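Contents: one structure, followed by commentary.
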Amino acid sequence: MPIKSRIRTIPNYPRHGIMFRDITTLLKDPCGLYTTIQEIASRYDAVTIDKVAGIESRGFIIGAPVAYQLGKGFVPIRKQNKLPAETLGRDYQLEYGSDRIEIHLDAIQPGDQILLIDDLIATGGTAEAAAGLIEDMGGEVVECCFVIDLPDVGGRARLEKLGHRVFALCEFEGE
């Protein structure tokens, strides 16, 4: 079952000229969701991973069941002021402004091998900030894993330039 065929494209959302890749159609399909989790988890069966980190919010939907399947813990990376305990944060640039993500200070120990997961890689700004947080805490990003890569937008190249390995289940051309 091709994952890509289960992903809906919504033209001109959130603004004119953008082709929004919507994974909710993949998630609501039992076979699509199962296949997505299985394909990602099987890639890392023989890889040393201590924890899976997921970027808010769709990274939680994919990352938590992958962590469960691998028998590992899950670490949420959230938007600012959403985590209750002491956090470490990083700002990153958006197309129109900036944002901040945070992680609990006790989430990652020095030397932890971390699989970073999100639903989509576009410009790479959020993933770069998340990987930076993991490294700030002494963790090592084993790989940055996504359901969708938009290679024309440049996020994969951006992460690879920083020395990160990147994997995606499928690609969509254009923005």
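Couple of notes before you dig in:
- Inter-part distance, segment 45-124 to segment 130-175, computed on C-alpha centroids, equals 12 Å.
- Placing unit charges on each Cβ (+1 for Lys and Arg, -1 for Asp and Glu) gives segment 17-93 a dipole about its Cα centre, and among Tyr34, Ile18, Pro84 the Cα reaching farthest toward its positive end belongs to Pro84.
- Here the gap between Lys82 and Glu140, fully extended at 0.36 nm per residue and compared with their Cα-Cα distance, gives a gain of 18.5 nm.
- When both bridge partners sit in segment 93-175, DSSP labels roughly 15% of those beta bridges antiparallel.
- Rg over Rh for segment 57-118 works out to 0.99, using Cα positions for both radii and the Kirkwood form for Rh.
- Annotation: the antiparallel percentage among DSSP beta bridges lying fully within the chain is about 40.
- Cα radius of gyration and Dmax for the chain (Å): 15.4, 44
- Potential extension, Ile10-Tyr96 segment - 0.36 nm per residue separation minus Cα distance: 28.9 nm
- Value at 222 nm in deg cm²/dmol, rounded to 500, when DSSP H runs of n ≥ 4 in the chain each add -39,500 (n - 2.57): -8500 deg cm²/dmol
- Using a probe of 1.4 angstrom and keeping all protein chains present, the accessible surface of segment 47-171 works out to 45 square angstrom per residue.
- Size of charge dipole - the chain - debye, nearest 20, with Cβ of Lys, Arg +1 and Asp, Glu -1, no other charges: 460 debye
- Additional length obtainable on full extension of the chain from Ser57 to Lys28, 0.36 nm per residue less Cα span: 8.8 nm
- Accessible surface of segment 47-171 [probe 1.4 Å, protein heavy atoms]: carbon and sulfur percent: 45 percent
- Label point distance in nm, Asp152-Ile18, each placed 7 Å from Cα along Cα→Cβ: 1.6 nm
The values are calculated or read from the model by the stated rules, or taken from the named source; none is laboratory data. This structure is a prediction, so every number in the text was calculated from the model and none was measured. Note: ideal-geometry Cβ built from the backbone for every residue, glycine included; neighbour counts use all protein chains shown. Heads up: the accessible areas ignore ligands, DNA and RNA and are worked out on the full protein's heavy atoms, side chains in. Shrake-Rupley method; radii C 1.70, N 1.55, O 1.52, S 1.80 Å.
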